[in-house]
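Peer 1: Quick one: the structure is below, and I'll ask about it shortly.
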């Protein structure tokens, strides 16, 4: 659902702002091939496209993994 996707994107973005984590999107807009969350030049987690179709980023999974690793909350 689009509203859930936006909700979890905002949660991930705010958490990344709070903990100084970079969100690296590779590819063209609307045709992303990968998304990576990078902190201090180390890859924390990523989501990658397999095949020719654009990536459908699972922001909920990324948010849950950030929470699991202790990155909780974010700027509002």
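Peer 1: State all residues of region 40-63 that are surrounded by fewer than 15 Cβ atoms within 10 Å (Cβ to Cβ) and farther than 19 Å from residue 2 by Cβ; if no residue qualifies, say none.
Peer 2: Hits for region 40-63 are 40, 41, 42, 43, 46, 48, 50, 51, 52.
Peer 1: Out of everything in region 1-29 that is outside any helix (DSSP H, G or I) and touching a residue at least 12 places away in the same chain (Cβ under 8 Å), what residue ends up being farthest from residue 54 (Cα to Cα)?
Peer 2: Step by step, filter region 1-29, then rank; the result is 20.
Peer 1: How do the pairs read when you match residues in region 40-62 that are at positive phi and in contact (Cβ under 8 Å) with a residue 60 or more places away in the chain with residues anywhere that are surrounded by 13 or more Cβ atoms within 10 Å (Cβ to Cβ) and not in a strand (DSSP E or B), using Cβ under 9 Å and keeping only pairs 6 or more apart or on different chains?
Peer 2: Between residues of region 40-62 that are at positive phi and in contact (Cβ under 8 Å) with a residue 60 or more places away in the chain and residues that are surrounded by 13 or more Cβ atoms within 10 Å (Cβ to Cβ) and not in a strand (DSSP E or B), there is no close pair.
Peer 1: Would a scan of region 57-73 turn up a residue that is part of a loop (DSSP other than H, G, I, E, B), at pLDDT below 95 and within 12 Å of the chain's Cα centre (by Cα)?
Peer 2: The answer is yes; a qualifying residue exists.
The values are calculated or read from the model by the stated rules, or taken from the named source; none is laboratory data. Owing to the predicted nature of the structure, the values given are computational and were not obtained by experimental measurement. Cβ: placed from backbone, ideal geometry, glycine included. Neighbour counts: every protein chain shown.
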